[in-house]
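The structure appears below as structure tokens.
The values are calculated or read from the model by the stated rules, or taken from the named source; none is laboratory data. Since the structure is predicted, the reported quantities are computational estimates derived from the model, not experimental observations. So basically every Cβ, Gly included, is an ideal-geometry build from the backbone, and we count neighbours across all protein chains shown.
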Amino acid sequence: QFFCGKMQEFKQQISLTRSAPMWQVCLNLMGRSKGEPTVPDGEVVNYKEYMQKFREEKNERQLCSMNVLRLWLACYFGDFDTAQTVLEETEKFPSYSVALFGVVRYTF
């Protein structure tokens, strides 16, 4: 929270855009999600707005990153149907999903 505040204070928007979703994942794990705990949406991140922005920008790296975070949450909360769906969505970005080693954890 402190570091995201500093990123905002110093107008480090790219770093904030990459860090805020992970902060929201932590909040979800603490039971502080806006709705479904498997979606990084709540106090810090508006999931729909983030995804819409990334789609408009054609920002595949961030789309993939958000999917990986959803994949983590789905697995942590035992929602394996959602995990399968999100994994299939993530596979649409092969050049980025290979670089995000977190995907490997759930493909064994």
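Here are a few things to note about the model shown:
- None of 82, 90 is at negative phi and at pLDDT below 85 except 90.
- Residue count, the range 78-95 (criterion: surrounded by fewer than 16 Cβ atoms within 10 Å (Cβ to Cβ) and not in a helix (DSSP H, G or I)): 3
- A search for C-beta distances below 8 Å between a residue of the range 35-63 that is in contact (Cβ under 8 Å) with a residue 40 or more places away in the chain and any residue that is surrounded by 13 or more Cβ atoms within 10 Å (Cβ to Cβ) and not in a helix (DSSP H, G or I), counting only pairs 6+ apart in sequence or on different chains, returns 37/77; 38/77; 38/79.
- Criterion: at pLDDT 90 or above and among the aromatic types (Phe, Trp, Tyr) - qualifying residue of 54, 101, 108: 54
- The residues in the range 44-77 that are surrounded by 13 or more Cβ atoms within 10 Å (Cβ to Cβ) and part of a loop (DSSP other than H, G, I, E, B) can be counted, and the count is 5.
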